[in-house]
1. Scan the range 125-143 and give yes if some residue there is under 23 Å from Val29 (Cβ atoms) and among the charged types (D, E, K, R), otherwise no.
2. Report every pair of residues separated by at least 6 positions or lying on different chains whose Cβ atoms are under 8 Å apart, first residue within the range 123-139 and touching a residue at least 24 places away in the same chain (Cβ under 8 Å), second assigned to a helix (DSSP H, G or I).
3. Could you please let me know if Arg58 is surrounded by 11 or more Cβ atoms within 10 Å (Cβ to Cβ), within 19 Å of Thr21 (Cα to Cα) and either among the basic types (Lys, Arg) or out of contact with any Lys or Arg (no Cβ under 8 Å at 6 or more places or on another chain) (or both)?
4. Are any of the residues in the range 80-91 out of contact with any strand residue (DSSP E or B) (no Cβ under 8 Å at 6 or more places or on another chain), among the hydroxyl-bearing types (Ser, Thr, Tyr), surrounded by 13 or more Cβ atoms within 10 Å (Cβ to Cβ) and in contact (Cβ under 8 Å) with a residue 12 or more places away in the chain?
5. So, Thr83, is that one of a type in the set (S, T, N, Q) and at pLDDT 90 or above or not?
6. Picking from Lys10, Lys2, which residue would you name as being within 14 Å of the chain's Cα centre (by Cα) and basic (Lys, Arg)?
7. Residues being more than 23 Å from Ala16 (Cα to Cα) and surrounded by 10 or more Cβ atoms within 10 Å (Cβ to Cβ): count how many of those fall in the range 97-127.
8. Out of the helices (runs of 4 or more DSSP H) lying entirely within the range 36-140, which hold 3 or more residues that are under 14 Å from the mean Cα position of the chain (by Cα) and β-branched (Val, Ile, Thr)?
Amino acid sequence: MKVQELIAKKGTTVHAIQVTTTVGEAARVLLEKEVGSLLVCEGDKVSGIFTKNDLLRRYLASPSDFASKPLQNRPTRPLFSTTLDADLSDVFNVMVERGIRHVPVLDGGKAVGMVTPIDILLYLKEAVQHDNQQLIRYIQGSY
């Protein structure tokens, strides 16, 4: 199974902010969009990712003024991303090995989706349920 199949089902919505955005503004966008991560861009180029975990780290490092600091040089780097033609199992394995929860899907350098372990598990669950239904119909002779 390819990442493209999952993105076709899940959708291509990706939330992004500019590297000049403050940590406080990034936190507001995370809450407003109800997402766990935001791509950080320099112009049109994806340069990193900012997650809820990054937000907590910034706060714990400097609780009095963390909100006013710009993200510049603060997003998680290096950014692990994938492509539409990548195998879901390969992407999932890297996510598990590296403890990554959000993987941007890039096509020609542009973000076309975001993949999480939950997305992959739900997609595979539906595929297995579909296969099971097909097998039951085959066994019962109604295929």
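The values are calculated or read from the model by the stated rules, or taken from the named source; none is laboratory data. Note that this is a predicted model, so its numbers are computed, not measured. Here the Cβ positions follow ideal geometry from the backbone for every residue, glycine too, while neighbour counts run over all protein chains shown.
1. Within the range 125-143 (the criterion being under 23 Å from Val29 (Cβ atoms) and among the charged types (D, E, K, R)), the answer is no, since none of the residues qualifies.
2. Hits for this filter: Tyr123/Glu5; Tyr123/Leu6; Tyr123/Lys9; Tyr123/Lys10; Tyr123/Leu88; Leu124/Leu88.
3. When the stated conditions are applied, Arg58 passes them.
4. no
5. Spelling it out, Thr83 is indeed of a type in the set (S, T, N, Q) and at pLDDT 90 or above.
6. Result: Lys10 is the single residue among Lys10, Lys2 that is within 14 Å of the chain's Cα centre (by Cα) and basic (Lys, Arg).
7. 7
8. Qualifying helices (runs of 4 or more DSSP H): 88-98.
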